[in-house]
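Inspection log for the structure reproduced underneath, given as structure tokens.
The values are calculated or read from the model by the stated rules, or taken from the named source; none is laboratory data. Every value quoted in this text rests on a predicted model; they were computed, and no experiment measured them. Note that each Cβ is placed from the backbone with ideal geometry, even for glycine, and that neighbours are counted across all protein chains shown. Please note that ligands, DNA and RNA were not included when accessible areas were found on the heavy atoms of the full protein model with its side chains. Shrake-Rupley method; radii C 1.70, N 1.55, O 1.52, S 1.80 Å.
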Amino acid sequence: MTNALTDIEVLARLVAVDSTSRRPTAPIYDAIEEYLDDPRIRRERFAAGAEHENLLISIGPECRAGEGLLLCGHVDTVPADEPEWTLDPLQLDVREDRLVARGACDMKGFVALAMNLLRERAAQPLDQPLQLLLTCNEEIGTLGAAAFARAWPKDRALPRRTLVGEPTSMRVVRGHKGHLSIRVSVLGVAAHSGFPHKGVNSIERAAQIVQALAVLRASMTRVRTPESALFPEVPFPVLTTAKIAGGSAINVIPERCEIDVGVRLLPGMSSEACMASLQSAVAAVVPDGAATVTVMNETPPFATPADRPLHRELCALMGQSEEFGVGFGTDAGRLATLGLDCIVWGPGDISNAHKADEWMPISEFARAAEVLRALAR
């Protein structure tokens, strides 16, 4: 077993590995397993697509009936292509009050803390399991967690107390909105633009659909569910027409146009019902067969009841009396489908992620290590 490193040193090793989404996961998992190479630490890799895997790390006894604690973090990051970086994004910069690097906040900081926690606790007797699930391709649609949830054997238990360590500025979050990625493919009839009567303009049809979606979006602002209170700033589902692509040349009546739509659903809302409403809105403005509506990806919403043990424990540790939700999706939405009581909590501010000079406050990094040790006890 390699020598123990400080939490900051482990983080430095993690950020030095370029694990941008869609890159192979082997390099970062090899580095992690090398550091956790101990017969008391069990490690299992699970396929999640070509050159991608999830990694489950376990110590203590096997989980029999949902007992113990499961920590979860994703190892992929968004690209570090922003020109405003003032340093090498793959080299951790320790400044007076912050840790700066790609992934320092989202979310290799939490992963580093969890790794050292398992390494430390492996040397101590445990009467319940402590596990760390590391996932891939979270940043492009929680794809790794989706693969894990699909493949996990139904007769094999996981700890119900599940902590997803996304950066929440140490606020305990018991729910988040989901995200439906939808594509509307619109057909027309190609023709030379000099003879427009011989063609049908797919972009003009798409424009009608966009207007219909705007009406649907406005109607959705009146929707509420029992969990709307978790999202006081935006307590309703959100529909966004995010991208339009169509046409091939200035002198051709466009035959095809595609509209990409994102919908952020509240916990308790049905994606099937949402799709039915969207398909109805599309069908009302274009002829039958002129448009198809397809779900490209879905990160489910989730909301764990406030009285669940992990929510109570973490709120007590943080001195928190309020209940919070967040508007962005996480692996918790996928893992909740396995019957796990997921809570999202971690050091760092999500507004500092996904941009140049991404950073994590050193004070939160240190405090989070203490909280994780308390949970593990």
Discussion item. Quick check on the stretch 13-71: of everything there that is of a type in the set (S, T, N, Q) and part of a strand (DSSP E or B), which residue is farthest from residue 161 (Cα to Cα)?
Written reply: 20
Worksheet item: Looking at this structure, is residue 284 more than 25 Å from residue 116 (Cα to Cα), modelled with pLDDT of 95 or more and either polar (S, T, N, Q) or open to solvent by 10 Å² or more (accessible area, probe 1.4 Å) (or both)?
Response: yes
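Per-residue answers, yes or no, for (1) in contact with a Leu (Cβ under 9 Å, 6 or more places away or on another chain); (2) touching a residue at least 24 places away in the same chain (Cβ under 8 Å):
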residue: 222; (1), (2): no, no
residue: 229; (1), (2): no, yes
residue: 245; (1), (2): no, no
residue: 256; (1), (2): yes, yes
residue: 259; (1), (2): yes, yes
residue: 266; (1), (2): yes, yes
residue: 272; (1), (2): no, no
residue: 276; (1), (2): no, no
residue: 279; (1), (2): no, no
Worksheet item: Considering the stretch 353-368 alone, what residues qualify as being in a helix (DSSP H, G or I) and crowded, with 20+ Cβ neighbours inside 10 Å?
Response: 364, 365, 368
Worksheet item: What do you reckon, is residue 294 open to solvent by 20 Å² or more (accessible area, probe 1.4 Å) and under 15 Å from the mean Cα position of the chain (by Cα)?
Response: no
Worksheet item: residue 305: open to solvent by 50 Å² or more (accessible area, probe 1.4 Å) and modelled with pLDDT under 95, yes or no?
Response: no
Practice prompt. Scan the stretch 79-87 and give yes if some residue there is modelled with pLDDT under 95, under 23 Å from the mean Cα position of the chain (by Cα) and among the small types (Gly, Ala, Ser), otherwise no.
Written response: no
Worksheet item: Being farther than 25 Å from residue 147 by Cα and in contact with an Asp or Glu (Cβ under 6 Å, 6 or more places away or on another chain), is that true of even one residue in the stretch 7-23?
Response: no
Discussion item. Restricting to the stretch 32-60, and then to whatever is open to solvent by 40 Å² or more (accessible area, probe 1.4 Å) and of a type in the set (A, V, I, L, M, F, W, C), can you tell me which residue is farthest from residue 11 (Cα to Cα)?
Written reply: 50
Worksheet item: Name the residues in the stretch 147-167 that are touching a helix residue (DSSP H, G or I) at 6+ places or on another chain (Cβ under 8 Å), open to solvent by 10 Å² or more (accessible area, probe 1.4 Å) and within 21 Å of residue 76 (Cβ to Cβ), would you?
Response: 149, 152
Item to complete: With respect to residue 102, determine if the residue is basic (Lys, Arg) and surrounded by fewer than 24 Cβ atoms within 10 Å (Cβ to Cβ).
Response: no
Worksheet item: If you go through the stretch 226-268 one residue at a time, how many are assigned to a loop (DSSP other than H, G, I, E, B) and either under 30 Å from residue 194 (Cβ atoms) or open to solvent by 30 Å² or more (accessible area, probe 1.4 Å) (or both)?
Response: 14
Worksheet item: Do any residues in the stretch 12-30 that are within 16 Å of residue 360 (Cβ to Cβ) have Cβ atoms under 7 Å from those of residues that are open to solvent by 20 Å² or more (accessible area, probe 1.4 Å) and part of a loop (DSSP other than H, G, I, E, B), where the two are at least six apart or on different chains, and which pairs are they?
Response: 12/92; 15/90; 15/92; 16/90; 16/91
Worksheet entry | residue 129 being open to solvent by less than 10 Å² (accessible area, probe 1.4 Å), more than 13 Å from the chain's Cα centre (by Cα) and either farther than 30 Å from residue 245 by Cβ or among the charged types (D, E, K, R) (or both) | yes
Worksheet, complete the sentence: Over the stretch 309-352, the set of residues within 25 Å of residue 147 (Cα to Cα), in a loop (DSSP other than H, G, I, E, B) and open to solvent by less than 20 Å² (accessible area, probe 1.4 Å) is 330, 331, 340, 345, 346
Discussion item. Can you pull out every residue in the stretch 154-205 that is more than 30 Å from the chain's Cα centre (by Cα) and among the aliphatic types (A, V, I, L, M)?
Written reply: 187, 189, 190, 191, 200, 203
